[in-house]
Amino acid sequence: MCKNQFRKLISFTLLLSTLFCLPIYSVFADEDVSISASVGDVPVQQSNAPSGGVVFIPKTSVRFSGLAYPKSEVFLLKEGKFQTFVTADDLGNFNITLEEKYSENVLYSLYAKDPKGNRSLLLNYPLVVYGGYVTYLSGIEFSPTINIDKSEVYFADSITVSGYGLSNTNVEIVISGKNKTTFNVLTKQDGSYSRSISVLGLEKGDYSIYTRYVDNKKISNILRFIVGDSTKYKNYELSNLPGDCNSDRVINLVDFSILAFWYKKSDPPVCADANGDKIINLIDFSVLAFYWSGQ
Amino acid sequence: MILFCLAGKAHAASVFIDTPNKSNTGEYFEVLVYADLDKESINSVDMSISYNSDLLLFSGYKNKDTFLKMWIDPPRAERDKVIFSGIIPGGVSGLFDANKKELAPLPLVKLIFKAKKTGKAEFVFQKSSLLKNDGLGTPLVHTEKGGVILITEKVGNTKVEEVTDGAEIFYTDKTPPLPFEIILIDSSLFSRTPPMIVFDTEDLDSGIKEYKMKVNDRDWSIVNSPLPIKLNFYPNTITIRAVDYYDNYKDQTIIIPGFTSKYFRFSIAELIIMVILGGSLIAYILHKNKE
């Protein structure tokens, strides 16, 4: 077989496989995320064919797209290690492509940083990567970020909840503790939201607060405040993360290691004991894993 | 373009073990532990799986193509059980595969066994905890399904290279663990957590069996990460050795600063001067009090 015939055969084979492997969309209803795989679009690798010709092998890559907060930075990690980042546009659209080399199962993670520098929770996507294909995950949406202005609120006062979400989207604020209540707020064009909520009517005690888009399971970080007899303002910026024993406002390997040191030991420090039951067990690790910052 | 809609079939979450149907004595095979999460997101796993230790030898684990890698307790054999626990920061709800219509079960860990004697070997979950990624550590209710493998005698002329029914015939690991860092985590002044060193690496072929430590030129001792350390007056060199299940190893060292250089950051001469000045001040005050 001469070189030209061989090249034609390869091109025909590629075309045929493209037709057979036209984007097959699987919709994973819980997330409204779609995945597809198509033959890699720009062949870059070459190897020598047994007949002496040249074979172009489509490149392998993974692509992620979706909606983040307008003009936010979206970071991509692979197996927990930073790979690249992009900036979302004015409407929050983002698109990231990463070249790969092998067929394998890989854990990709994404997080977004809003214009005030607050991070979203990690979004993890364990993915089957197929060599020679572009594996494309679309429809990704980041849950809102959240801040509160007080760590303790006088029982007749109010607390201001703010953050960023998708542009012009209904956000539900959920307060739970001795009572549970929900409030709604609409994000602005730039994705920001802010609402002052009276705590009159809430019994004194500990409360947690988080936000989510209406009818969406994914939630923001969970913050904590107390309804009591005084008001304490705090530059909250997630400085009171459960498990953040070194108070660096980031949950990472250092905090995991501190928790691992106290694992199954008695009388652990309060910072490590996320659920306050005076033992460090799998539940505390689970809480830590929820707040993981990614880097 | 073909658009598939999610099947919408309701099913409970489950964990299950995937084994080859059979293996021959003397050969190695891999056992995969899967979690089918019914679209719930989990971030923590704690499991104990019993096996027939008279028929099988636990020979390590592999991280490749699996997703439980941040170990609280890496896979190890304890009598007739393999136990392991770990976290997946940020949580996962299944495996995204473009060839499948819905989320596929998630491969958590790959365990390696060697077949010792003929017989029917069973893998049974003694304990399996899956905690949801909800910030509360809520347990995920799920069912369990073990696995069975038939161990048969290797028949005379069977070539070592011939592959049978999914079992690994020839297994070896000649590659050491991957290079790694040792990180020193300082202890703040009023913290009850002591200073520690943290280390973690992978072995692609058989998994990390143990870590050993040597301080300066002393003997090796088996250790775990995180490892509390004591600060001595002078700096110490600590060597950590990661050893895999085939006794390949990789070393890394760290120099732990001495107590003086860490806290006082003064030279010995400066310390002596300070002692003399301090002593003089005390003597002056006492003298003044006498007057």
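The values are calculated or read from the model by the stated rules, or taken from the named source; none is laboratory data. No experiment lies behind these values; they were computed from the predicted model shown. Methodologically, a virtual Cβ is constructed for each residue, glycine included, from the backbone with ideal geometry; neighbour enumeration extends over all protein chains shown. Just the protein is used for accessible areas: all its heavy atoms, side chains included, with ligands, DNA and RNA removed. Shrake-Rupley method; radii C 1.70, N 1.55, O 1.52, S 1.80 Å.
For chain B, take the longest principal axis of its alpha carbons; what is the angle in degrees between that and the long axis of helix B:268-290, to the nearest 10 within 0 to 90?
50 degrees
So how far apart, in nm, are the two label points at B:THR25 and A:LEU91 if each is 7 Å from Cα heading toward Cβ?
Inter-label distance under the simple model: 6.9 nm.
Below 22 Å, Cα to Cα, which lysines can B:LYS114 reach? Residues fewer than 8 away in the same chain don't count.
Straight-line reach from B:LYS114, under 22 Å: B:LYS22, B:LYS62, B:LYS64, B:LYS81, B:LYS145, B:LYS154, B:LYS159, B:LYS174, B:LYS209.
Volume per residue, Å³, of the convex hull around the alpha-carbon atoms of chain B?
Convex hull of Cα atoms, per residue: 231 Å³.
Per residue of the stretch B:52-63, what does 6.51 cos²θ - 1.76 cosθ + 1.60 with θ = phi - 60° give for ³J(HN,Hα)? Whole Hz please, x for Gly and Pro, Karplus curve as stated.
Values per residue, Gly and Pro as x: 7, 6, 6, 9, 10, 10, 5, 10, x, 8, 10, 8 Hz.
Taking chain B as a Gaussian network, where each spring joins two C-alpha atoms under 10 Å apart, which residue of B:VAL215, B:VAL155, B:VAL223 fluctuates the most?
Of B:VAL215, B:VAL155, B:VAL223, the most mobile in the Gaussian network model is B:VAL155.
Label-point separation (nm) for B:ARG192 and A:THR181, each offset 7 Å from Cα along Cα-to-Cβ?
3.7 nm
Per residue and in Å³, how big is the convex hull formed by the alpha-carbon atoms of the stretch B:54-105?
Numbers: hull volume 6.1 nm³, N = 52.
Per residue, the Cα convex hull of the stretch B:54-105 comes to 117 Å³.
Taking the stretch A:114-186, which trypsin sites (Lys or Arg not before Pro) meet the DSSP loop condition and have no more than 15 other C-beta atoms within 10 Å? Working shown, then result.
Values: sites: A:LYS116, A:ARG119, A:LYS150, A:LYS178, A:LYS180; in loops: A:LYS116, A:LYS178.
Counting only loop positions with at most 15 other Cβ atoms within 10 Å, the trypsin sites (Lys or Arg not before Pro) in the stretch A:114-186 are A:LYS116, A:LYS178.
Based on the alpha carbon coordinates of the stretch A:134-219, what radius of gyration and maximum Cα-Cα distance (Dmax) apply, in Å?
Gyration radius and largest Cα-Cα distance of the stretch A:134-219: 14.6, 56 Å.
B plus A alone minus the pair: what accessible area, both sides summed, probe 1.4 Å, in Å² to 100?
Rounded to the nearest hundred, the buried surface is 4400 Å².
Between B:ASP80 and B:ILE183, what FRET efficiency follows from the Cβ-Cβ distance if R0 is 35 Å, with the result rounded to 0.05?
On the way: r = 36 Å, r/R0 = 1.02.
Approximately 0.45, to the nearest 0.05.
Using Cα-Cα distances under 8 Å and only pairs 6 or more residues apart, what relative contact order does the stretch A:163-289 have, in percent?
Details: 205 pairs, mean separation 20.1, N = 127.
After rounding, I find 16 percent.
May I ask you to list the lysines whose Cα is less than 20 Å away from that of B:LYS230, ignoring any residue fewer than eight positions away on the same chain?
Those lysines meeting the cut-off are A:LYS265, B:LYS212, B:LYS214, B:LYS262.
With +1 on each Lys and Arg Cβ and -1 on each Asp and Glu Cβ, how big is the dipole of chain B about its Cα centre, in debye rounded to the nearest 20?
Working: 34 positive and 37 negative charges, 151 e Å.
Dipole about the Cα centre, nearest 20: 720 debye.
Find, to one decimal place in angstroms, the Kirkwood hydrodynamic radius of the stretch A:192-295, where the mean of 1/r is taken over every pair of different Cα atoms and then inverted. Spell out each step's value before the answer.
Numbers: mean 1/r = 0.0647 Å⁻¹.
One decimal place: 15.4 Å for the Kirkwood radius.
Ranking request for peptides B:128-140, B:41-53: highest mean number of other beta-carbon atoms within 10 Å first, then the rest in descending order.
On the way: B:128-140: 20.4, B:41-53: 22.6.
Those peptides, ordered most packed to least, come out B:41-53, B:128-140.
Can you return the aspartates and glutamates within cross-link range of B:LYS69? Criterion is Cα-Cα under 13 Å, with same-chain partners fewer than 8 residues away left out.
Hits, sequence-local ones excluded: A:GLU79, B:ASP46, B:ASP200, B:GLU202, B:ASP203.
In terms of the ratio Rg/(2.2 N^0.38 Å) built on C-alpha atoms, what value belongs to the stretch A:55-166? Provide the component values of the computation, followed by the final result.
On the way: Rg = 17.7 Å, N = 112, 2.2 N^0.38 = 13.2 Å.
Normalised by 2.2 N^0.38 Å, the Cα Rg of the stretch A:55-166 equals 1.34.
Please give the average number of partner chain Cβ atoms lying within 10 Å of the Cβ of each residue in A:257-264, rounded to a whole number.
Values: counts 11, 7, 4, 9, 10, 3, 4, 1.
Counting Cβ atoms of other protein chains within 10 Å of each residue's Cβ and averaging gives 6.
Give me a single rounded figure for A:116-125: the average over its residues of other chain Cβ atoms within 10 Å of their Cβ.
Values: counts 0, 0, 0, 0, 0, 4, 6, 2, 10, 6.
Partner Cβ neighbours, averaged per residue: 3.
Taking the Cα atoms of the stretch B:6-125, what is the range of coordinates along each of the three principal axes, in descending order and whole Å?
That gives 45, 30, 23 Å along the principal axes, largest extent first.
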